[in-house]
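Note sheet for the following structure.
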Amino acid sequence: MKTISARKYLQQLEILDTQINDDIAMLSDMKMLACSAGGIDYSRDKVQTSPVGDKLCKDVVRYTMFDQHINEEIDQFVDAKKQIIKEIRGLHDKNYIQILTKVYVQFKTVKDAAREMKKSYNYTVKLHNSALAEFEETYKNLTYLT
């Protein structure tokens, strides 16, 4: 397995969160399409008695399966989040835990984290980099969670 940096490792949560949100939006679109009635062309000869019912059934099956996929993604996200929070807390340094949690678990910018921590931006950037270095030193051989 290829090892990755602490930054890439920790960014996985936000990537998973974005993917889940994208999939939820796609599921919503799929449901709307399945529920919208298609137009009927009365100028053509009637060939099939119930094409809409077949299409609706297929659409419902498709979005039900996709909904299950999203639930699996959410379960993976929750497991990854628990693991990353546990690892961040394993650093045993209040400032490191605070900055890494704000940036990689709460998805805040370093600038927002600095403001919330009531620290200068430059200090917070240095703290963030030190926390990443400590994370990498503590947890060697970091790999992708999914």
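Just to be sure before I move on: is Thr109 at pLDDT 95 or above and among the polar types (S, T, N, Q) in the structure I sent?
yes
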Exactly one of Ile4, Ile15 is out of contact with any Lys or Arg (no Cβ under 8 Å at 6 or more places or on another chain), open to solvent by less than 100 Å² (accessible area, probe 1.4 Å), modelled with pLDDT of 70 or more and part of a loop (DSSP other than H, G, I, E, B), and that one is Ile4
(message) It is to be established whether one or more residues within the range 83-91 are modelled with pLDDT of 70 or more, within 30 Å of Glu137 (Cα to Cα) and exposed (fewer than 10 other Cβ atoms within 10 Å of the Cβ).
(response) yes
A careful count of residues in the range 121-146 that are open to solvent by 60 Å² or more (accessible area, probe 1.4 Å) and outside any helix (DSSP H, G or I) gives 4
Filtering the range 97-120 down to residues that are exposed (fewer than 14 other Cβ atoms within 10 Å of the Cβ) and hydroxyl-bearing (Ser, Thr, Tyr) yields Thr109, Ser120
*Filter result for Ile88 (of a type in the set (A, V, I, L, M, F, W, C) and under 16 Å from the mean Cα position of the chain (by Cα))*: no
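Residues checked against (1) in a helix (DSSP H, G or I); (2) touching a residue at least 24 places away in the same chain (Cβ under 8 Å); (3) of a type in the set (S, T, N, Q):
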| residue | (1), (2), (3) |
| --- | --- |
| Val78 | yes, no, no |
| Lys82 | yes, no, no |
| Ile85 | yes, no, no |
| Leu91 | no, yes, no |
| Gln98 | yes, no, yes |
| Lys102 | yes, no, no |
| Lys111 | yes, no, no |
| Ala114 | yes, no, no |
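The values are calculated or read from the model by the stated rules, or taken from the named source; none is laboratory data. All figures in this text were calculated on a predicted structure; none of them were measured in a lab. Glycine also receives a Cβ, built like all others from the backbone with ideal geometry; neighbour counts cover every protein chain displayed. Ligands, DNA and RNA are stripped out before the accessible areas are found, and what is left, the full protein with its side chains, is counted by its heavy atoms. Shrake-Rupley method; radii C 1.70, N 1.55, O 1.52, S 1.80 Å.
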